[in-house]
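*Asks:* One structure, pasted below without further comment.
The values are calculated or read from the model by the stated rules, or taken from the named source; none is laboratory data. Fair warning: this is a prediction, and the values are worked out from it, not measured in the lab. Here the Cβ positions follow ideal geometry from the backbone for every residue, glycine too, while neighbour counts run over all protein chains shown.
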Amino acid sequence: MKATDRNFASLILEPDWIRQSLQAPLPGNNAHARMSGRAPQTMQIPEGAAQAAVMIAFLDGATDASNDPKMHNGPDRTMGTGMEQSDSAPESQPGPGTEGSATNPGRFPLILRPGNQGPHSGQISLPGGKREPGESLEETALRETEEEIGLDASRIQVLGKLTPLYIPVSGFAVHPFVGWFSDAPRFRRDPLEVDEILFYDLLRLSHPDFRTVFDFSYNGTNFQSPGFKLEDRVIWGATAMILMELTEHLLSIANQ
């Protein structure tokens with residue numbers, strides 16, 4: 001299992017390899033800091049913080065050719081018809097996975113939050129949400145993923161988790177889980193929680209052409225944050241920090 005040139009262009013992704021990789025020590029807040037202006041020590045989770053969980057659900061099966069106009073596909077042009085196509089990977093870099101595959105291994109869904117969701121309005125996020133009483137954080141991630149984008153939680157194989165991350169603006173400690181969905185998914189968007197379903201992949205996460213700096217304002221102050229490019233939008237904030245840890249960790253394991 002080897003990635004070349006510090007990206008995932010030649011990586012054949014397998015759930016057993018991901019599970020084993022996630023058992024190794026994680027880069028944690030040091031990786032998070034590379035997608036944030038915050039110092040690693042500011043990311044420590046305070047006692048009593050509210051708990052939430054998100055899911056990075058790798059898709060092994062062919063993506064559903066939904067008639068939902070708010071389903072945006074990623075760079076693999078061999079996907080099902082009827083969905084708008086978005087960015088493609090640089091021509092010099094083939095997509096990850098096996099030759100002739102009809103899918104793009106390493107692909108996972110993201111969501112665009114509606115503009116009425118408080119401090120995270122209009123942001124690109126991983127499916128997930130607040131922990132409910134009596135459930136584990138893993139159960140939270142699975143439940144929220146099914147509720148928001150329709151992936152059958154019973155068919156998601158949880159492979160492990162990444163480092164929890166504190167988000168001061170909302171007061172939540174977010175626990176990221178990594179899963180594998182091996183069937184052909186049928187997506188169902190919850191319009192109250194999800195404005196669009198988007199797709200990203202490990203190749204773009206690792207490729208410098210898909211990195212950028214995002215300018216934003218908060219409480220009247222202007223800030224800059226690193227991020228990942230998705231069409232004319234940017235994956236930034238906590239989602240980018242989580243995805244950076246995943247990228248750095250899997251690349252490190254693949255290049256050992």
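*Asks:* Taking the range 104-131 as the region of interest, how many residues are modelled with pLDDT under 95 and among the small types (Gly, Ala, Ser)?
*Replies:* Total meeting the criteria: 5.
*Asks:* Does Val158 satisfy the criteria of being without any contact (Cβ under 8 Å) to a residue 60 or more places away in the chain, assigned to a strand (DSSP E or B) and closer than 27 Å to Leu11 by Cα?
*Replies:* Yes; evaluated as a whole, the condition is true for this residue.
*Asks:* Residue check: is Gly134 under 29 Å from Ala33 (Cα atoms) and either modelled with pLDDT of 95 or more or surrounded by fewer than 16 Cβ atoms within 10 Å (Cβ to Cβ) (or both)?
*Replies:* Against the criterion (under 29 Å from Ala33 (Cα atoms) and either modelled with pLDDT of 95 or more or surrounded by fewer than 16 Cβ atoms within 10 Å (Cβ to Cβ) (or both)), Gly134 does not qualify.
*Asks:* Which residues, counting only those in the range 140-154, are exposed (fewer than 15 other Cβ atoms within 10 Å of the Cβ) and either touching a residue at least 60 places away in the same chain (Cβ under 8 Å) or in a helix (DSSP H, G or I) (or both)?
*Replies:* Ser154
*Asks:* For residues that are outside any strand (DSSP E or B) and modelled with pLDDT under 90, scanning just the range 223-236, find the one that is surrounded by the fewest Cβ atoms within 10 Å (Cβ to Cβ).
*Replies:* Asp232
*Asks:* Please work out which one of (1) crowded, with 23+ Cβ neighbours inside 10 Å; (2) assigned to a strand (DSSP E or B); (3) aliphatic (A, V, I, L, M) is the condition Leu203 fails and give its number.
*Replies:* (2)
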